[in-house]
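Notes follow once the structure below has been shown.
Values quoted throughout were computed directly from the atomic coordinates according to the rules given, and no laboratory measurement underlies them. Keep in mind that what you see is a predicted model, and the values were worked out from it rather than measured. Virtual Cβ from ideal backbone geometry, glycine too; neighbours counted across all protein chains shown.
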Amino acid sequence: MTMSAPAGERAPYLDKDPRRIAGMFDAIAHRYDQLNRLLSAGLDRRWRRVAVEALELRAGDRVLDVCTGTADLAIAATAGGTPRVTVLGIDFAVEMLQLGLGKLRAAGLDGRIRLARGDAARLPCGSGVMDAVTVGFGIRNVQDTAAGIAEMARVLKPGGRLAILEFGEPRMPGLRALYLWYFRQVLPRIGRRLSRHTDAYAYLPASVSAFLSPDELAALMSRSGFIDIRIDRLAFGVVYLYVARKVDEPRRAD
Ligand SMILES: C[S@@+](CC[C@H](N)C(=O)[O-])C[C@H]1O[C@@H](n2cnc3c(N)ncnc32)[C@H](O)[C@@H]1O
């Protein structure tokens with residue numbers, strides 16, 4: 001498999017047109033969870049748990065899970081033992097949502113987690129209504145990253161918390177080379193074979209390499225009104241967790 005496009009051309013699978021991205025996730029939905037477990041050696045569940053813990057949810061919190069897919073992060077948000085947490089999961093890929101809904105019903109969680117079709121760049125929620133927002137491995141796919149981050153800031157209450165999980169690339173020299181070989185050569189082959197999609201799992205490493213660096217994403221969050229931004233490297237930098245708080249309303253001078 002070749003990962004490079006001719007000089008001056010963008011690899012076709014880096015096109016983030018919303019219809020193309022939604023179609024790609026719809027096409028791989030039936031294998032999505034299985035491939036997540038397999039390709040991350042089961043670590044993906046732990047990453048979502050760590051993201052939810054970082055939010056320090058309180059009883060009765062309303063959480064928005066953007067790019068919810070098959071709802072694994074939404075489910076993790078209700079699994080932490082904090083009472084009466086409710087979640088709205090938003091995604092534009094209908095097949096992913098259908099599978100998520102099946103999981104919610106099977107787990108008896110459909111009363112606490114609601115799923116709806118929507119675009120991260122135009123969230124179907126009012127302003128200042130959410131206590132926390134989560135995004136798991138989704139922000140990289142949003143065509144206009146700045147619009148996506150700005151929308152998350154808009155829907156959060158002042159002081160509300162944001163947790164973003166996104167793939168990265170380890171920096172440690174030997175490990176980096178080994179991981180990039182796995183990520184760019186092995187993973188796309190396994191993904192293609194099991195999902196039967198020609199380029200969804202080539203898009204994954206290519207889109208991670210082309211995405212904003214951790215510092216650039218943190219700077220974007222800061223420009224959108226997030227403060228106390230923390231960047232944690234998980235699994236040596238295979239995944240990054242960004243945790244932040246929406247700035248409080250400025251105090252009025254009396
Ligand atoms: C890699 S999956 C992640 C799913 C889930 N958050 C998880 O942790 O497994 C990315 C999801 O983001 C969704 N997505 C990408 N761009 C989106 C956008 N602009 N609006 C809504 N959903 C989007 C895709 O449809 C897909 O279901």
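Quick check: Cα centre of region 178-249 to Cα centre of region 94-165, how many Å?
Each part reduced to its Cα centre gives a spacing of 17 Å.
Going Cα to Cα from LYS103, which aspartates and glutamates come in below 16 Å? Please leave out same-chain ones fewer than 8 positions away.
ASP33, ASP65, ASP72, ASP91, GLU95
Please grab the % of Cα pairs in the chain that end up more than 27 Å from each other.
It works out to 34 percent of all Cα pairs.
Which shape class applies to region 52-151: rounded if a/c is under 1.5, otherwise prolate when a/b exceeds b/c and oblate if not, where a ≥ b ≥ c are the square roots of the Cα gyration tensor eigenvalues?
oblate
Subtracting the Cα-Cα distance from 0.36 nm times the residue separation, let me have the gained length for ASP110 to VAL247 in nm, one decimal.
46.1 nm
How large is log10 of I(q)/I(0) for region 115-230 at q = 0.13, 0.14, 0.21 Å⁻¹ when the intensity is taken from the Debye formula with one equal scatterer per alpha-carbon?
For region 115-230, the Cα-only Debye profile gives -0.61, -0.69, -1.15.
Reachable lysines from LYS157, Cα under 19 Å, same-chain residues fewer than 8 places away excluded?
Partners found: LYS246.
How much length would be gained if the chain were fully extended between TRP181 and SER209, taking 0.36 nm per residue of separation minus their Cα-Cα distance, in nm to one decimal?
Difference between extended and current length: 8.8 nm.
Sort HIS197, HIS30 so that the residue with the fewest other Cβ atoms within 10 Å of its own Cβ comes first and the one with the most comes last.
Arranged by neighbour count, lowest to highest, HIS197, HIS30 become HIS30, HIS197.
Could you give the length gained on full extension between ASP17 and SER222, defined as 0.36 nm per residue of separation minus the Cα-Cα distance, in nm?
Extending this stretch completely gives an extra 71.2 nm.
Grab the other residues whose beta carbon is less than 14 angstrom from that of GLU53, score K and R as +1, D and E as -1, and report the net.
Net local charge, GLU53 excluded: +4.
I need the trypsin sites (Lys or Arg not before Pro) found in region 24-99, filtered to DSSP loop residues with at most 13 other beta carbons within 10 Å of theirs.
ARG58, ARG84
What's the percent breakdown of Cα-Cα distances in region 187-240 across 10 Å bins, shortest bin first?
Once binned at 10 Å, the Cα pair distances of region 187-240 give 21, 35, 27, 15, 1.
What do you get for the angle between helix 145-155 and the principal long axis of the chain? Use alpha-carbon atoms, 0 to 90 degrees, nearest ten.
Its long axis makes an angle of about 20 degrees.
Of the residues GLN143, GLN34, GLN98, which exhibits the maximal mean-square fluctuation in a Gaussian network model of the chain defined by a 10 Å Cα contact cut-off?
Maximum among the listed residues: GLN34.
Return a whole-number percent for the relative contact order of the chain, with Cα pairs under 8 Å and 6 or more residues apart as the contact set.
Relative contact order, the chain: 20 percent.
What does the highest-first list of 213-220, 50-57, 132-139 look like by mean Cβ count within 10 Å?
132-139, 50-57, 213-220
Among residues other than LEU99 whose Cβ falls under 13 Å from its Cβ, what is the net charge (Lys/Arg +1, Asp/Glu -1)?
-2
5 Å is the cut-off here: which amide hydrogens, built 1.01 Å from N in the peptide plane, fall below it relative to MET130, excluding neighbours closer than 5 in sequence?
The answer is LEU156, LYS157.
Arrange the following residues from fewest to most other Cβ atoms within 10 Å of their Cβ: VAL87, VAL247.
Fewest-to-most Cβ neighbours within 10 Å comes out as VAL247, VAL87.
Given the -39500 (n - 2.57) contribution per DSSP H run of 4+ residues, what per-residue ellipticity at 222 nm results for the chain, rounded to the nearest 500 deg cm²/dmol?
-12500 deg cm²/dmol
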